[in-house]
Amino acid sequence: MTDTTEESTAGSVGPRKPSWRYIGPGIVVAATGVGAGDLVATLIAGSKFGYTLMWAAVIGCVVKISLAEAAGRWHLATGRTLFDGWRSLGRWTTVYFAFYVVVWGFVYGATAMSSSALPIVALFPGGPGLKTWAVLTGLVGLAFVWFNRYAVFEKVMTVLIGVMFVVVVYVAIRVAPDIGASFAGLAPVLPDGSLLYTLGLIGGVGGTITMAAYGYWVNAKGWTDTRWMKVMRLDNRVAYITTGIFVVAMLIVGAELLHASEIALTKGDRGLIDLGTVLEDRYGAVTAKLFLVGFFATSFSSLIGVWHGVSLMFADFVEQLRRERAGSAAGGEGADGAAAAEVASGAKERSAAFRGYLLWLTFPPISLLFLDQPFGLVVAYGVLGAFFMPFLALTLLWLLNSSRTPAEWRNGIVSNVMLAGAGLLFVVLCVQQVRDLPW
């Protein structure tokens with residue numbers, strides 16, 4: 001890569017050197033990837049094992065940096081989108097993605113709306129109920145993504161992650177962390193019964209389909225060739241260092257506030273409501289309400305992040321199939337470059353497929369909010385969700401070691417070790433997730 005100011009394929013100008021002013025897609029992926037359920041899982045790990053698993057949070061941050069860097073590198077080095085890369089591996093990837101994105105999106109839509117509504121209900125207990133607020137948050141998310149393009153979307157996500165960051169770090173400082181114990185937690189130790197919590201910390205927080213969307217957000221920012229590679233890598237590191245700070249802060253809260261007092265939280269998003277109650281008892285109503293605002297920012301940023309990022313992926317999926325059916329050169333360089341350029345120009349954000357998937361994420365899942373036990377779909381969601389991360393890690397390993405990637409940008413030893421390790425980790429987590437399902 002040369003540090004010049006030549007025009008990129010998207011019509012933008014490549015930077016002379018990486019700069020903080022270019023940061024954007026990383027902020028989006030960090031805000032989207034960290035959901036309320038992730039924070040609860042981290043809190044529970046801290047409440048059970050104190051600071052002992054701090055090292056696992058650091059390793060998890062490094063694993064995510066490697067995965068997202070690989071996704072971004074594929075987009076920039078090849079000029080092809082990630083779905084086009086998957087399609088080149090065989091039709092099985094198309095079948096898998098089609099099934100996954102439809103079922104996952106249906107169930108995730110209801111989950112995201114419910115999660116965003118929980119803190120609103122807690123903040124305004126005399127107002128409408130959970131289902132009403134859930135529907136309203138979904139409709140607001142739909143309208144926001146429908147009528148805005150990436151530039152506005154990125155700015156709003158930056159505000160939301162700013163709120164998340166301030167609140168989570170404030171709460172961690174408020175509970176007066178034991179600095180010595182937290183540094184001691186960087187030494188790799190596995191207490192009895194901690195293996196699954198450790199794997200979950202390494203693989204879970206910030207690890208969703210939105211990691212695959214990172215390359216699409218890179219293109220949407222206008223970065224479409226290798227002149228943006230250094231900027232992308234800086235942007236990606238900022239994203240997952242931010243995520244790492246979230247994880248460490250919530251481990252501190254779990255260790256200091258819950259571990260010593262032996263307070264148990266409800267699993268899932270509702271555990272943050274429990275924490276809000278504990279914070280109110282210990283530190284007063286202002287701290288509790290501030291925390292609930294941060295809870296909302298965490299949940300709603302994940303909602304609109306998925307509404308935007310996964311809809312971009314779905315639009316690319318549909319466009320690739322359309323080109324294939326039309327008999328165009330979808331597998332050649334012209335079609336590949338067009339796919340990335342369409343994302344960069346915002347064409348996919350205006351497409352019928354993008355908006356159709358937005359509607360799919362919003363309206364059909366509303367029906368799940370009124371079902372007491374959508375058991376079968378929850379099982380399907382758990383299985384598909386468990387299988388996606390190993391699919392992402394192992395297909396990136398395949399793509400970035402093949403002739404599909406220019407030799408200069410193929411994996412080195414470090415990248416191969418990290419992606420192979422991530423793939424193995426996610427396979428283990430996948431097996432465990434499937435074993436834990438109530439068959």
Measure nothing but the geometry: give the 0 to 90° angle between the long axis through the Cα atoms of 271-283 and the longest principal axis through the Cα atoms of the chain, rounded to 10°. 50 degrees
Nearest 10, in degrees from 0 to 90: the angle of helix 413-436 to the longest Cα principal axis of the chain is 50 degrees
Taking the Cα centre of the chain as origin and charging only Cβ (+1 Lys, Arg; -1 Asp, Glu), how large is the dipole, in debye to the nearest 20? 620 debye
Once Lys and Arg are counted +1 and Asp and Glu -1 for all other residues with Cβ under 14 Å from that of TYR214, the total becomes +1
Taking 0.36 nm per residue of separation and subtracting the Cα-Cα distance, what length does fully extending SER19 through VAL159 add? 48.4 nm
Taking every other residue with Cβ under 12 Å from the Cβ of SER66 and scoring Lys and Arg +1, Asp and Glu -1, one gets +3
Neighbour-limited loop hits for trypsin sites (Lys or Arg not before Pro), region 140-208 (at most 15 other Cβ within 10 Å; DSSP other than H, G, I, E, B): ARG149
With the dipole of the chain defined by +1 on each Lys or Arg Cβ and -1 on each Asp or Glu Cβ, the option from TRP74, LEU265, LEU371 whose Cα lies farthest towards the positive pole is TRP74
The size of the Cβ-based charge dipole (Lys, Arg +1; Asp, Glu -1) of region 278-326 about the Cα centre, to the nearest 20 debye, is 120 debye
Top positive-direction residue, dipole computed over the chain with Cβ charges, set ASN236, ALA151, ILE120: ALA151
Put a dot 7 Å past each Cα toward the Cβ at VAL140 and LEU359; how far apart are the dots in nm? 2.4 nm
Sum up the charges of everything whose Cβ sits under 14 Å from the Cβ of ARG410, counting Lys and Arg as +1 and Asp and Glu as -1, but leave ARG410 out. 0
Whole angstrom only: what separates the Cα centroid of region 393-412 from the Cα centroid of region 225-266? 28 Å
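The numbers here are math on the coordinates, done by the rules we state, and not lab data. Every value quoted in this text rests on a predicted model; they were computed, and no experiment measured them. Note that we place each Cβ from the backbone using ideal geometry, even for glycine, and neighbour counts take in every protein chain shown.
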